Amino acid sequence: MYDELTAFIQSWFRTEDFIPLHEPRFSGHEREYVLDAIDSTFVSSVGAYVDRFENELASWLDTRKVVAAVNGTAALQVALRLVGVKPGDEVITQPLTFVATANAIDYNGAHPVFLDVDRDTMGLSALAVQNFLAEHVERRDEGSFNRRTGRRIAAILPMHTFGHPCRIEQLCVLGKEWGIPVVEDAAEALGSRAGTRHCGTFGLMGVYSFNGNKTITCGGGGAISSAEVELAARAKHLTTTAKVPHPWAFVHDEVGYNFRMPNLNAALACAQLERLPALLADKRLLAEAYREYFSGCDWCDFLREPEGCTSNYWLNVIILKDPDKRDEVLAETNRRGIMTRPIWRLMNELDIYRNCQTGSLENARWLEQRVVNLPSSPRLGK
Ligand SMILES: *Cc1c(COP(=O)(O)O)cnc(C)c1O
């Protein structure tokens, strides 16, 4: 079975060399724009490509404002702070995520509360959140408070795992009912939609990443989106040292961050964004080919996009029927030059987050034992 799978993947990517999980493709104006940024000498904190990228991404997402940032992690940190997360607060999130989601909460001095995910989306379960709020949380004038810890629940932070949209609309309804803002970690979900709307545009703020392994990349980069113009302006201010605009005077009106995206990276980002529709189309072809290949498979199921959603299929997922076979699958595929990977260790199992409150994590544990990622790069320009 491993030789057959290897042959299938090698023929898709038209190579017998090592096939990574996800590698970038530069098949458009990348070279041209980056050289243009260098020739302009504006490679750093200001430049036309940053503004252009922010405008073009906002237009693609069909939202009001986008603020570019140095990476997705920094963008998450700032977004949480701007929706009101303060030291000593709690933020509800999922344990099945990349560590940056939890770290961004900790950077704000707040505590993650890890609740379960849905099996079909791998994202934060609205039902788990609803049950937690009903059982453990008390609504007061000043906000919603966790009865066990006495702390305020300051945000709900779902993540769209591997580009599959979570039940974001239901989560936003709960957020509204309980007066808790929703921030979306859409780092993996650029181009994914729940219904017709883009992931990352449902919550008060949404965050994207353009790291080298993501759907589009600018080397390192991130962005915050928001339909609230004032909040976006605050995000721009806070990520650019909180400097009061002035031709020469250095006045900073709060302790800001140097979290801006350099113009050199923004040049690459603009070129990649132009290629996004083509990249997404090619990734859908691969997902469809995997779906067909694994249909009727006796040792795994291919994970399809949730109903009513369009996934970007950033990383394709198979779910093993027998968790005891996982290490063999990983070893045999990697030995053949096909890079595969298990899902992350649950955040609450890391020493750094072991003491955090959790709900029942039945689905998260179930997925943790069974999920394997397959090579998912687009082929264009290779
Ligand atoms: C990639 C990623 C991030 C962080 O993005 P960086 O740009 O690498 O800082 C955050 N959350 C999730 C779920 C991610 O996959």
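Legend: calculated FRET efficiency, Ala249 to Ser44, from the Cβ-Cβ distance at R0 = 25 Å, rounded to 0.05, equals 0.80. Accessible area per residue was computed with a 1.4 Å probe on protein heavy atoms; Trp299 scores about 30 Å². Report note on the peptides 163-171, 213-221: ranked by the mean count of other C-beta atoms within 10 Å, highest first, their order is 163-171, 213-221. When the chain is treated as a GNM with alpha-carbon contacts under 10 Å, the residue of Tyr353, Tyr257, Tyr107 showing the greatest mean-square fluctuation is Tyr257.
Among beta bridges identified by DSSP and lying wholly in the range 30-274, the antiparallel ones come to about 60 percent. In terms of overall dimensions, the C-alpha atoms belonging to the chain reach 64, 59, 37 Å along their principal axes, ordered largest to smallest.
Please label the shape of the range 207-304 as rounded, prolate or oblate, based on the square roots a ≥ b ≥ c of the eigenvalues of the alpha-carbon gyration tensor (a/c under 1.5 means rounded; beyond that, a/b larger than b/c means prolate, else oblate). Note, shape of the range 207-304 comes out prolate.
For the chain, the relative contact order works out to 25 percent when only alpha carbon pairs closer than 8 Å and six or more residues apart are counted.
Only DSSP H runs of four or more residues enter the estimate; each adds -39500 (n - 2.57), and after division by the residues of the chain the mean residue ellipticity at 222 nm equals -11500 deg cm²/dmol.
Taking only protein heavy atoms and a 1.4 Å probe, the accessible area of the chain is 50% carbon and sulfur. Taking all protein chains together and a 1.4 Å probe, the residues Glu328, Glu292 rank Glu292, Glu328 from largest to smallest accessible area.
Taken along the Cα-to-beta-carbon direction at a fixed 7 Å, the label points for Trp299 and Ala7 span 1.5 nm.
Add +1 for every Lys or Arg and -1 for every Asp or Glu among the other residues with Cβ under 13 Å from the Cβ of Leu285, and state the total. Counting the neighbours of Leu285, the net charge comes to +1.
Checking the Cα-Cα distances for Lys65/Lys243; Lys176/Lys214; Lys65/Lys214 against a 23 Å cut-off, the pairs over it are Lys176/Lys214. FRET efficiency for the pair Arg335 and Glu307, taken as 1/(1 + (r/R0)^6) with r the Cβ-Cβ distance and R0 = 35 Å, rounds to 0.45. Taking 0.36 nm per residue of separation and subtracting the current Cα-Cα distance, fully stretching the chain between Asn258 and Ala233 would add 7.5 nm. Net length available on complete extension from Glu177 to Glu288 is 36.1 nm, with 0.36 nm assigned per residue and the Cα-Cα distance removed. For the range 112-145, applying the loop criterion from DSSP together with a ceiling of 13 other beta carbons within 10 Å to the GluC sites (Glu not before Pro) yields Glu142. The alpha carbon centroids of the range 303-382 and the range 205-252 are separated by 30 Å.
Net length available on complete extension from Arg31 to Thr241 is 72.6 nm, with 0.36 nm assigned per residue and the Cα-Cα distance removed.
The values are calculated or read from the model by the stated rules, or taken from the named source; none is laboratory data. Owing to the predicted nature of the structure, the values given are computational and were not obtained by experimental measurement. Counting neighbours? That spans all protein chains shown, and the Cβs are built from the backbone with ideal geometry, glycine included. Keep in mind that these areas ignore ligands, DNA and RNA; they rest on the heavy atoms of the full protein, side chains included. Shrake-Rupley method; radii C 1.70, N 1.55, O 1.52, S 1.80 Å.
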